[in-house]
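Working notes, structure below.
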Amino acid sequence: MKSYHLGLFAVILMFVPTFFLSVSCSKKSTTYLDTLDYDIEEKFASYKGCKIADSNCTYIYYSYPVFKNSEDTAFYNQLVHATFGAIKGRTYESTQQQFLKDYEQYIRSLQKDEMQQTWFSSTRVEVYSQTNKIITLRLLLNDYTGGAHGMQSDLFSTFNRSTKKEITLKSLFNDSAIKKLSQVAELQFKKHYKLTDSLTLEQAGFWFKDDVFQLNENFAIHNEGITWLYNPYEIAPYAFGSPTITIDKETILPLLQKDFATIWEP
């Protein structure tokens, strides 16, 4: 399966079931000042002008924010452009046309007895959350270009609005804090899947490195806390979907590095 997406995002789920594992998730809302303003734009292209509702329609769809009215507008718009491969003179439209050209080439390569398959590609960038200090962007992909099934995937990227740098797990927490959070998350994970202490993660069908539960870098900072998401095939077979773990900010706050101690303050 080919990939038509570049940039800082990698491969959220549109059609695969997601399991939400929560740790006392707070529902209190907070109003933040000076958040980024944006509009949503959409672009659609299809093979021979077909519509999504038509049977066997090959198409490619984009949805993305266009930031405005801020000195940071150019940075975030460029980031979004790169996600779609719209860099070095390439436009959104040209990346979509390349997808359709590849489909035409695929059709020409078919043998007489081969069945023609329908392709589709949907890419959405969303502003998942933002405060005065951070912004979390979310990339949702749903593609099919042949094979047993399509590929659905979800990636969060959170940026420090002051430095414009992407926030990593190790920039938020020291090694000791990561260990404590991993222990909390593992308990929730095992509770959800009803795993007993006598059963290892590998025996239960999960693929953690060295058979040790680990938090990944695919996380979103939001008003309730931090959510981690594991995409299909990342830690388990496709049928497991995308396990999601949310740890509330009351648990997280004492463990944050000093530079991020105020990320939830208005």
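The values are calculated or read from the model by the stated rules, or taken from the named source; none is laboratory data. What you see is a predicted model, and the numbers here were worked out from it, not measured in a lab. With ideal geometry, Cβ positions are generated from the backbone for all residues, glycine too; neighbour counts draw on all protein chains shown.
Details
- Selection status of Thr83, buried (at least 16 other Cβ atoms within 10 Å of the Cβ), touching a Phe, Trp or Tyr at 6+ places or on another chain (Cβ under 9 Å), at pLDDT 95 or above and within 30 Å of Arg161 (Cα to Cα): no
- Every pair of residues 6+ apart whose Cβ atoms lie under 9 Å, when the first sits in the stretch 132-156 and is closer than 19 Å to Met115 by Cβ and at pLDDT below 95 while the second is among the acidic types (Asp, Glu) and buried (at least 21 other Cβ atoms within 10 Å of the Cβ): Gly150/Asp143
- Residue-level check: of (1) within 23 Å of Tyr233 (Cβ to Cβ); (2) touching a His at 6+ places or on another chain (Cβ under 8 Å), Thr136 misses just (1).
- Residues of the stretch 44-94 that are on the phi > 0 side of the Ramachandran plot and not in a loop (DSSP other than H, G, I, E, B): Lys48, Gly49.
- Any hit, the stretch 168-179, residues being of a type in the set (S, T, N, Q) and under 15 Å from the mean Cα position of the chain (by Cα): yes
- Only one of Leu172, Leu141, Leu155 that is buried (at least 18 other Cβ atoms within 10 Å of the Cβ) and under 23 Å from Leu253 (Cβ atoms): Leu172
- Looking across the stretch 105-138, the residues that are exposed (fewer than 13 other Cβ atoms within 10 Å of the Cβ) and among the acidic types (Asp, Glu) come down to Asp113, Glu114.
- Among the residues here, Leu229 does not qualify as surrounded by fewer than 20 Cβ atoms within 10 Å (Cβ to Cβ), touching a Phe, Trp or Tyr at 6+ places or on another chain (Cβ under 9 Å) and at pLDDT 95 or above.
- Identity of the residue in the stretch 175-222, in a loop (DSSP other than H, G, I, E, B) and among the aromatic types (Phe, Trp, Tyr), that ends up surrounded by the most Cβ atoms within 10 Å (Cβ to Cβ): Phe206
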